[in-house]
Amino acid sequence: MKMNRLFEIVTILLNKGTVTAQELADRFGVSTRTIYRDVDVLSSAGVPIYMNKGNGGGIRLLETYAISRTLISQQESETLLMAIKSLQATHYPELDSVLEKLRAIFKSTTRDDWVEVDFSPWGSSQNDKNKFSDIKRAMLQRNVICFDYVNGEGQKSKRTVEPEKLIFKSNAWYLLAYCRQRQEQRTFRISRIKKLEVIAEIFEPKSSPKQDLDAAREDSQTRIITLKLRFQANAINRIYDYFDDTFLWPNKDGSFTLEASLPEGEWLYSYILSFGSFVEVLEPEHIRKTIVKRVKETLTIYDECS
């Protein structure tokens, strides 16, 4: 608690210039004697803090003081700046001013244009790129949003929802929201949301306990299966996009076996088929048969064209 107060005192002085001991005491709910002791602690730590008595006096810092020289290291300040820079990827334009203020506080001279984070997929339309800012605005202002949605089974629907939270999980962004069509909390994969529109209607947040992401999944009726796959070595780069090493073990022939619990559905079949001849389904048997059937159906299409 004391460390937090010391840090906030420095921040207040950086922003306001000069503050009286009584103002600080009232703000933190402590005595002026405690504030004086805090000033002594900061001074002992090397913070150039001064006190002037009389009219117009108060507590102040040396004008050239920068936080990173004492309480926050240069590496920590650059990490903080980098984190805020990354948040701009979700289209928070107001962070430009925040970055400028922090650069001034930390006296940062390091370039911050060496990285750019963009969560929108390749080939995105302008509507796709505006999703994050539109959803964020709707959540803050409690606006209802509507959109077209395609679920994991390829079924299309029109949804009207009350947005609650943006979640990043398993290499994808999701929207947690109360769905008026389903009359319950659901999650929607952002990449499958199309023609999103923020409407003027205001909603009152539901008082019911929030479910977790898995419980509120839009395809929550999908059965979870334990899948075992054998991948050729040249497919390892794609496997690492979704799975950790703990799900894999190497085979003597250089291939890798993966075992994971995943929801069965159209997306799973498409994912397996996307590896072509670089993957073999070992278990369960019904998934193996489904993949074989689909490969044969694909060959039939090409046979008809030849």
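Things worth noting here:
- Taking every residue in segment 31-57 that is in a loop (DSSP other than H, G, I, E, B) and pairing it with any residue that is not β-branched (Val, Ile, Thr), at least 6 positions away or on another chain, the pairs with Cβ-Cβ distances below 7 Å are Ser31/Ala25; Pro48/Leu61; Pro48/Leu62; Pro48/Tyr65.
- Within segment 230-254, tally of residues that are touching a residue at least 60 places away in the same chain (Cβ under 8 Å) and among the hydroxyl-bearing types (Ser, Thr, Tyr): 1
- The condition of being surrounded by 15 or more Cβ atoms within 10 Å (Cβ to Cβ) and in contact (Cβ under 8 Å) with a residue 40 or more places away in the chain holds for Phe278.
- Qualifying residue in segment 117-128 (condition: at pLDDT below 80, part of a loop (DSSP other than H, G, I, E, B) and of a type in the set (Val, Ile, Thr)): yes
- Positions within segment 20-34 being of a type outside the set (Lys, Arg) and either farther than 12 Å from Val10 by Cα or outside the structural domain of Leu6 (by TED's automatic domain parsing) (or both), in sequence order: Thr20, Ala21, Gln22, Glu23, Ala25, Asp26, Phe28, Gly29, Val30, Ser31, Thr32, Thr34
- Residue selected from segment 220-263 under the condition modelled with pLDDT under 80 and over 24 Å from the mean Cα position of the chain (by Cα), by the criterion farthest from Arg288 (Cα to Cα): Gln221
- The strands (runs of 3 or more DSSP E) located wholly in segment 223-271 that include 2 or more residues which are surrounded by fewer than 16 Cβ atoms within 10 Å (Cβ to Cβ) and among the polar types (S, T, N, Q) occupy 256-263.
- Which listed residue is modelled with pLDDT under 70 and under 27 Å from the mean Cα position of the chain (by Cα), from Thr64, Thr110: Thr110
- Scan of segment 174-187 for residues that are out of contact with any Phe, Trp or Tyr (no Cβ under 6 Å at 6 or more places or on another chain) and in a strand (DSSP E or B), ordered by number: Tyr174, Leu176, Ala177, Tyr178, Cys179, Glu184, Arg186
The values are calculated or read from the model by the stated rules, or taken from the named source; none is laboratory data. All of these numbers come straight from a predicted model, not from anything done at the bench. Cβ sites come from the backbone with ideal geometry, for glycine too, and all protein chains shown count toward neighbours.
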